[in-house]
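The values are calculated or read from the model by the stated rules, or taken from the named source; none is laboratory data. A quick note: this is a predicted structure, and the numbers were derived from the prediction, not measured. Cβ placement follows ideal geometry from the backbone for every residue including glycine, while neighbour counts extend to all protein chains displayed.
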Amino acid sequence: MLDLLDKQIVHGLVADPRISFATLGAILSVSEQTVARRYRALVARGIMHISGLVNAVPLGSTRWMLRLRSTPDKALRLAESLSRLPDVSWVTLLSTGAEVTCVSRPRSAEQRDALLLNVLPRTPQVTGFSAYEIMHRFALTEEWPKFSRLLTAEQLEELGPPRTVLDLPGPAAPLDLSVQDEALLALLARDGRAPYARLAAATGWSPTRVARRMAELLEAGVLYFDLDFAHEKMGYVVRAMLWLRVRPAALDAVGRAIAVHPEAAFVAATTGATNLLASIACRDIGHLYRYVTERLGSLEGITDVEVTPALRVFKQAQALMSADRITPVPSPGGR
């Protein structure tokens with residue numbers, strides 16, 4: 001589905017999601033118009049979506065991976081309901097047909113408790129659930145889909161190394177966000193490349209002040225950008241969650257080793273019955289088998305692993321999945 005230039009543009013956006021089309025075109029030796037046209041085509045075809053997300057840690061909270069049990073006839077409805085919650089992402093119906101996983105990103109202890117202690121226990125489709133608090137996320141050597149090999153050393157140097165939220169120490173104390181900050185973040189969640197003029201209109205600030213505040217939030221680690229992809233259209237038809245038990249002394253080494261694997265899209269140490277979680281993307285079920293037996297099998301310290309392929313992904317970071325294409329989450333009120 002993607003030719004060489006498409007993949008190079010994708011990598012440029014992974015490295016810097018708000019890079020100007022003119023700058024990216026100069027690096028790739030094509031025109032600004034060509035980059036803009038290719039980008040809009042990728043979005044129109046439902047292949048990718050860029051969103052600005054809130055990192056809960058500098059706000060005094062953490063992320064949770066939830067594994068919810070349901071009856072087979074109600075699991076589909078449960079996944080659809082979870083997809084509509086703004087602070088819930090990566091909603092997936094597992095191949096068991098009666099389990100749904102999702103990531104909860106509460107902004108406060110009150111939001112966390114509301115979901116875990118009130119909403120989920122009272123949801124009729126939920127028969128039980130397990131909550132895994134994410135203690136540590138391992139930095140990937142390269143963010144998925146890992147196209148850096150398609151650029152020259154000079155082009156990669158011009159782009160610079162991708163800067164992720166993991167690279168930042170964060171503020172000394174949790175930050176408080178203003179009403180204008182919330183308006184800014186809400187718009188970026190729907191469109192990570194929203195122009196400064198549009199962001200200024202939403203906040204009542206000048207474009208210059210918007211740019212300055214975005215830089216401050218990025219520096220503080222509160223704001224980061226994520227790219228959602230339609231994996232199937234890129235040739236990766238099997239996605240799976242790995243729930244691993246690892247000896248405590250080997251946990252850090254195993255996590256770092258998996259983060260190097262080209263299949264890895266997310267790796268984290270968690271609380272709970274299993275202590276290491278990994279999300280991987282494979283081209284087919286045979287690829288998944290080779291990954292489990294060869295790559296995981298060669299790592300010392302793993303005592304147990306459960307592999308749960310995704311039957312269907314309903315929502316990624318901030319985009320809904322319809323069939324095999326991405327649909328951005330609609331704004332409140334359908335605007």
The lone exception for residue 264 - which of (1) over 11 Å from residue 301 (Cβ atoms); (2) surrounded by fewer than 21 Cβ atoms within 10 Å (Cβ to Cβ); (3) among the hydrophobic types (A, V, I, L, M, F, W, C) it fails: (2)
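Yes or no, residue by residue, for (1) assigned to a loop (DSSP other than H, G, I, E, B); (2) of a type in the set (D, E, K, R):
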site: 258; (1), (2): no, no
site: 269; (1), (2): no, no
site: 274; (1), (2): yes, no
site: 279; (1), (2): no, no
site: 287; (1), (2): no, no
site: 294; (1), (2): no, yes
site: 314; (1), (2): no, no
site: 320; (1), (2): no, no
Before we move on, is residue 92 of a type in the set (Val, Ile, Thr), surrounded by 16 or more Cβ atoms within 10 Å (Cβ to Cβ) and assigned to a loop (DSSP other than H, G, I, E, B)? no
Is it the case, given these coordinates, that residue 308 is in contact with a Ser or Thr (Cβ under 7 Å, 6 or more places away or on another chain) and surrounded by fewer than 20 Cβ atoms within 10 Å (Cβ to Cβ)? yes
Unmet requirement for residue 322, which otherwise passes all of (1) of a type in the set (Ser, Thr, Tyr); (2) surrounded by fewer than 19 Cβ atoms within 10 Å (Cβ to Cβ); (3) farther than 25 Å from residue 225 by Cβ: (3)
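Here is a yes/no grid of residues against (1) charged (D, E, K, R); (2) in contact with a Pro (Cβ under 7 Å, 6 or more places away or on another chain); (3) closer than 16 Å to residue 145 by Cβ:
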{"position": "240", "(1), (2), (3)": "no, yes, no"}
{"position": "247", "(1), (2), (3)": "yes, no, no"}
{"position": "264", "(1), (2), (3)": "no, no, yes"}
{"position": "277", "(1), (2), (3)": "no, no, no"}
{"position": "285", "(1), (2), (3)": "no, no, no"}
{"position": "296", "(1), (2), (3)": "no, no, no"}
{"position": "310", "(1), (2), (3)": "no, no, no"}
Lone qualifier among 80, 143, 133 - being within 27 Å of residue 186 (Cα to Cα) and modelled with pLDDT under 90: 143
Which residues, counting only those in segment 100-129, are of a type in the set (Ser, Thr, Tyr), under 22 Å from residue 61 (Cα atoms) and surrounded by 15 or more Cβ atoms within 10 Å (Cβ to Cβ)? 101, 104
Selected residue [at pLDDT 95 or above, under 20 Å from the mean Cα position of the chain (by Cα) and either exposed (fewer than 15 other Cβ atoms within 10 Å of the Cβ) or farther than 30 Å from residue 297 by Cα (or both)] from 184, 218, 199, 242: 184
Can you pull out every residue in segment 130-155 that is buried (at least 16 other Cβ atoms within 10 Å of the Cβ) and more than 18 Å from residue 277 (Cβ to Cβ)? 142, 145, 146, 147, 148, 151, 155
Result of the Cβ filter at 6 Å on segment 68-79, keeping first residues that are on the phi < 0 side of the Ramachandran plot and part of a loop (DSSP other than H, G, I, E, B) and partners that are of a type outside the set (Val, Ile, Thr) and buried (at least 24 other Cβ atoms within 10 Å of the Cβ), at least 6 apart or interchain, is 70/78
